[in-house]
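Heads up, the thing below is written out as structure tokens.
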Amino acid sequence: MNLTIRNIPDDVINKIRTLSQMEKRSLNNEILFVLERGIQEEVQHFFNIKRNISKNVQISTWKRLSKEWQDDRSTAEIINDIYNSRTLGREFQL
């Protein structure tokens, strides 16, 4: 796929040129490298924001949920039910 990017600031293109010379890559390959690395960082940042909740929020959530747990079974019965409901997983060969 071809893509045209217009109005790249001079300082940005100069930095990319410098990096491409230092890394002995073509300008095109350097742009692809920088773009790919930047995308990886953005994706990681996105998932960190969306999935990580603060320690205080986790604690308050667990405290709130722990007060609502109701079960007539004994602890041993609950543990036994958990073990019995587990699956072995898929078979595989090496």
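When we screen 73, 37 for residues that are closer than 30 Å to residue 15 by Cβ and surrounded by 10 or more Cβ atoms within 10 Å (Cβ to Cβ), the only hit is 37. Within the stretch 1-45, the set of residues being of a type in the set (S, T, N, Q) and over 28 Å from the mean Cα position of the chain (by Cα) comprises 2, 4, 7, 14, 18, 20, 21, 26.
Hey, does the stretch 26-45 have a residue that's assigned to a loop (DSSP other than H, G, I, E, B) and not aromatic (Phe, Trp, Tyr)?
Keep residues of the stretch 26-45 that are assigned to a loop (DSSP other than H, G, I, E, B), which gives 26.
Then keep just the ones that are not aromatic (Phe, Trp, Tyr); that gives 26.
Taking every residue of the stretch 26-45 in turn, at least one turns out to be assigned to a loop (DSSP other than H, G, I, E, B) and not aromatic (Phe, Trp, Tyr).
Of the residues in the stretch 44-62, not one is exposed (fewer than 10 other Cβ atoms within 10 Å of the Cβ), at pLDDT 80 or above, among the small types (Gly, Ala, Ser) and more than 30 Å from residue 3 (Cα to Cα). The C-beta contact set for the stretch 57-76 (first residue assigned to a loop (DSSP other than H, G, I, E, B), second residue hydrophobic (A, V, I, L, M, F, W, C), distance under 8 angstrom, 6+ apart or interchain) comprises 71/78.
The values are calculated or read from the model by the stated rules, or taken from the named source; none is laboratory data. Predicted, not measured: the structure shown is a model, and the values here were computed from it. Cβ sites come from the backbone with ideal geometry, for glycine too, and all protein chains shown count toward neighbours.
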